[in-house]
Structure formats: structure tokens, C-alpha cells
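The values are calculated or read from the model by the stated rules, or taken from the named source; none is laboratory data. Because the structure is predicted, anything quoted here is derived from the model rather than measured. Every residue, glycine as well, gets a Cβ built from its backbone with ideal geometry; the counts of neighbours run over all protein chains shown.
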Amino acid sequence: MAGSKRIYSLNLGTQSVVLAEFLMSRGGGLVLNRYRSSGLLADPTADPTRMAQTRMAVAELAGSMKAGGGVVNYAVSAQSVFTRFVKLPSVGEEQVDQIVSFEAQQNVPFPIEEVVWGYQLVDTGGPDMEVVLAAIKSDLLDEINGAVEHSGMRTGVVDVSPIAIYNAFRYNYSDVEGCSLLVDIGSRTTNLIFVDGQKVFSRSIPIGGSKITEVVAKDFNENFSDAEERKKRDAFVSLGGAYADAEDPNLARVSKLVRNSMTRLHAEIARSISFYRSQQGGAAPVRVYLCGGGAGMPYMREFFHEKFQMPVEHFNPLRNVSVAAGVDSAQVGAEAHTLGELVGLALRSTSSCPMELNLQPQSVVRRKQASEVTPFLVLAGVSILAGLAAGWTYFERASSIAAEMVQRVEQQSAPLKEYEKKIKTAREDLRKAEEAAAPFLKLAEDREHWPKLLQDINSRLKSDLVWVVSFKSLEALDSAEAKSKGLKAKLTESTEKGKAKASGQSTVRSGIMIQGLYLNNPDGAKVVDDFVRNLGESELYDVAKDELKRSVPNEKEWAYEFSVPLVFKTAGVSEK
């Protein structure tokens, strides 16, 4: 296969980077020729250097495999991409782009001009259409793409990890019937992919291998790096029940911590299955496939078989993919369940796939367009030079004709100056109309404020130990406080007399007061602090942390109150 086409696939995980080289067989199938991986620091405290680590790892892998100059398809992790499944009424093909563009502006939680987004129609077999929307912040994508192209490789397809796994599954398991559930256990998240014929649905759960490491670090009072090493060395899923614990107390201790984390993950998966069946109209899964780095932990398959009471096996993305003779078969057998993204990405360069999203950065799109136009520009340049050479003898005659034409144009353009004046007047009228419409456009923007606000708050509520029970207007609370202090007259004073300089005058703020409960838990009020820290990352409001209130845990109650004031950053938004 010396002359075979080489296809490079790159999976950018949060804990490892894997580069694979595939070849096309004579029959048109895929052949895994070789692959290599490079680990990243697992410690979340190293996140500020994550992109620099990725850049170095990709460059090292590309250099070792001599892939510089090649086109690479790469996948970004699901946690970096906003994905949403949206149902739309059935319309004509010419209206799909317009409707999907509107839905993207409504659903993507960022300004649409700040993201790269795409969509894919999903065949549900029903009267309605279902669309998969995927969006990623442009600056983040540019940073990721810069780390990839720093290695000398050129960007081909930019896919999302769950979608690449889905394409690999459809390629390798086209013969299975009924609903299948793929559980992709990664470092930071676990991605669930429901596949039922042509129907597909995915969801991410913020529980992964790093959560287990955090629990081990806390229980053994170790730093994250030492706990990660302990997990890799000792961890397995305790089978519980009548099974005996490991003789080594530390091994038994770690295995029980892993089982507790996996029990929590199972509960989240069960909730997601219920959501898929009730809200998406899906069927109950009849089998489970495990994939991702976390799926290789000993007794993971037995644990999920016990919990789901249905067939559970490791996903094999190489079921219909050949493996070259030079590849270590034992290593491939042990790591096959981690190669799903690589196979799905390689398929994008060989044949049509069920899902063909491509989130290429604008810089790559412009470069591709320029490369397509360049041959035509070169041909046009050659034609122009040939024309100049052939027509040089007629230059003087052409100059005379051009002078006559200029004179005619000048004579014909004189009446057009009157139209120029009319155009200027029309532009001025248009400017005044836009100024008059500005308040109404602002009102339309305010209508979208509350749905975005509620969606933003909900996205930052990561723990099921914290419940939001009510929202109250800060404006009403501040006014009531001012009234109780005898400052009502100062707050309602007219602008003609408005030079109030009395000390202690209250300020009415635009915002809301979140009131809620947090359940009794080993971490105590830390779950509220985590929620407040997540709120502080929002671009819609500021958290008045000095006014944060929370009840002190005690042994008599099971839930404790807290309240957090949020002050809107955008002035003029009505709270009614």
C-alpha cells in the first residue's frame, strides 16, 4: 500500500491527544496503519496551560509520525461545544436554512457573530424535522486550530467527539436492531449517545474520570497528581454485595470510592434515559456499549451489567476496519474502545457519513476559498498578458477610441448628478428612520433577556445538592429597604430638586435575588460557593458576593437556606 492515500485523524481530549494514520484498502475499506498518543496533565489546576500542552503534544505526535503537511481531521471534546437537538415543523428545503438560522440565534447562549456553528438534519421518520445544532466560541476554536496547525498539518474536517463516535458506530454496527446506548466515559464528562435506526440523540453528564480522582484525593488526603497515579495503579469497580473486598485495605478503599462515583453516574444515565423516552419520544435501550478512557477500568462492564440488567459490552470501532501488520495487536485489543473518534474522523475522508457537521474556523474557510480561486486567477493573468502582447500594435488606436468613449460618458453622466442628490436625501431619511426605530429594537432585545438569563443560571447549577426556589426583584428589595430607613422621599425626589447629597442615600439596583436551599452533604456550604463561583463567570450579571447569605449547617435540619444577589450588567432591562 505504498501509494495508498493517507488519512490522519486527531482526537483532542482533555487528558490525552491521539493521532492515527489510516490507509485506504483496495476494496475501499479503512486500514489502521499506526497510531500514537501523548498524555496531558490531568490536574484541573493545570488548565491555564492546557492549550500549550496540547500544542506541544500535537507537534510531537506529528513529528514522530512525519505527518507535517498532511491534512488532518480532528475532533474537539463535547464540553467545548454547545449542542442542542431542536424539533422544527416540516417545511420546504428552501426554508430550512432560514428557520435553522433563527433557531440558532434563539438557542445558542452566545452572540451568533461570536461563534462558529453548523447544523445537521436528523431523519426521525415522523412529520416533524429534527435538527442537531452545534456551536463553539470562535476565539476558542481559533486557539485549538492554531495548536493543530502549529504542527505543520493542515485542517480538514473539524468534528465533535460524540458525533465522530456515532459515525463510527453506524459504520461498524449497521446490523444491530433496536435502540443502542453508547456510554463514552471521558476525563471531564460522560457522553451518552442514543442510536435507534436513523434516530440519534446525545447528552453530556459532567461526571468522568477526574471526578473519581478528586474523590480519591480527598479521601486519601493527597494532591491531584498522586491521586491520579493511585487511580491508574489500583482502581477497579467494587462489585459489592456478596463479593469479597480486596485483601489490601487501600485497594478495597479505592474500589469502593470508584463504585460510589459510578453509582452516581448510573443514576444520571437513568435520568437521561427517562428524559430521552419522555421528551424525545425515543425507545428504551436494549443494549449498552462502553467506550472512552474510563471504560477500560476493571469490572466496569460487570458493574453496568448489574445496574442495567441488559447486555453490556465494550464498543469496538475496528469491527469493520482492518489493522496493518505493523500495529501491536495486543495493544489495539486493549485500547480499541478509545479509538471511536479516530475511526469516525477517518470515515469523513472516505465516504458519506450519517452526520457531517464541520465546524471549520473562518481562517480555514477563507484559505480554502482562496486556494480554489487561485488557479482561475493565474489563468486569467496569463490570458491578460497574452491579450496585451497580441494587442500592443493596436495601442494607439485603442487610446483614441478610449478618449472618445470618455467624452461620451462625461456627457451622459451630467444628468445623473440630479439622481445623486436624490440618493443623498433618501439616505438621510433612512438614517432618521433608523434612529426613530432604535427604541423599538431595544424593546425587542429586552424581551429575550429573561429566557437567556434563566438558561444561563440553569447552566451554572452543576450540583443536584443545590435547589433554586424563588427569584425576587432587587429593585423592589432595595426600595423596601430604603423605605424602612426613612429614605423614600430621597428616592422619589424630582429631577428639578434632584441634588440630594444626604449621606446614606440608597441606590436602587436592576437585578434579581436568587433564594434557594442546599441539602445536607459532606462538603457543607461549599456546594453553594461552587454555585456562586459559576455564577460569577456570567456575562449577563455581577454577583454581589458581600451580600451572599447562607444558613449554617446543623444536625437538626436536612436543608439550609441561601440567597445570592445578581446585578444586571445591561442597563435599562425591565424587571417586570
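Data overview
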{"item": "So residue 303, is it touching a Leu at 6+ places or on another chain (Cβ under 8 Å) and either modelled with pLDDT of 95 or more or of a type outside the set (Lys, Arg) (or both)", "result": "yes"}
{"item": "Hits in the range 377-399 - residues which are over 60 Å from the mean Cα position of the chain (by Cα), polar (S, T, N, Q) and either surrounded by 10 or more Cβ atoms within 10 Å (Cβ to Cβ) or at pLDDT 75 or above (or both)", "result": "399"}
{"item": "Breaking point among (1) surrounded by 15 or more Cβ atoms within 10 Å (Cβ to Cβ); (2) in contact with a helix residue (DSSP H, G or I) (Cβ under 9 Å, 6 or more places away or on another chain), for residue 199", "result": "(2)"}
{"item": "Pair list, Cβ under 8 Å, 6 or more apart: the range 95-115 residue touching a residue at least 24 places away in the same chain (Cβ under 8 Å) and more than 18 Å from residue 139 (Cα to Cα), other residue surrounded by 14 or more Cβ atoms within 10 Å (Cβ to Cβ) and of a type outside the set (A, V, I, L, M)", "result": "100/119; 104/117; 104/119; 107/84"}
{"item": "Every residue from the range 551-570 that is surrounded by 13 or more Cβ atoms within 10 Å (Cβ to Cβ) and among the aromatic types (Phe, Trp, Tyr)", "result": "560, 562, 568"}
{"item": "Filter result (of a type in the set (D, E, K, R), within 23 Å of the chain's Cα centre (by Cα) and either part of a helix (DSSP H, G or I) or within 16 Å of residue 152 (Cα to Cα) (or both)) within the range 41-100", "result": "47, 50, 55, 97"}
{"item": "Residue in the range 22-37 that is under 19 Å from residue 147 (Cβ atoms), surrounded by fewer than 19 Cβ atoms within 10 Å (Cβ to Cβ) and more than 20 Å from the chain's Cα centre (by Cα) present", "result": "yes"}
{"item": "Subset of the range 166-223 [acidic (Asp, Glu) and modelled with pLDDT of 95 or more]", "result": "184"}
{"item": "Test: residue 414 is out of contact with any Pro (no Cβ under 7 Å at 6 or more places or on another chain) and either modelled with pLDDT of 70 or more or assigned by TED's automatic domain parsing to the domain that holds residue 558 (or both)", "result": "yes"}
{"item": "Entirely in the range 134-235, the helices (runs of 4 or more DSSP H) that have 3 or more residues that are more than 23 Å from residue 30 (Cβ to Cβ)", "result": "138-149, 209-220, 224-234"}
{"item": "Total residues in the range 239-281, condition aromatic (Phe, Trp, Tyr) and loosely packed, with under 12 Cβ neighbours inside 10 Å", "result": "1"}
{"item": "Residues (among the aliphatic types (A, V, I, L, M) and either in contact with a Phe, Trp or Tyr (Cβ under 8 Å, 6 or more places away or on another chain) or free of Cβ contacts under 8 Å to residues at least 24 places away in the same chain (or both)) located in the range 174-191", "result": "181, 182, 183"}
{"item": "Count of residues meeting criterion [assigned to a loop (DSSP other than H, G, I, E, B), in contact (Cβ under 8 Å) with a residue 40 or more places away in the chain and of a type in the set (A, V, I, L, M, F, W, C)] in the range 284-311", "result": "3"}
{"item": "Output for the range 168-207, where each listed residue is within 18 Å of residue 18 (Cα to Cα) and of a type outside the set (Val, Ile, Thr)", "result": "168, 184, 186, 187, 188"}
{"item": "Pairs with Cβ under 8 Å, 6+ apart, first in the range 16-32 and more than 21 Å from residue 161 (Cα to Cα), second in a strand (DSSP E or B) and of a type outside the set (A, V, I, L, M, F, W, C)", "result": "23/6; 23/33; 25/322; 29/322"}
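Residues checked against (1) farther than 22 Å from residue 189 by Cβ; (2) among the aromatic types (Phe, Trp, Tyr):
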position	(1), (2)
284	yes, no
289	no, yes
301	no, no
333	yes, no
343	no, no
346	yes, no
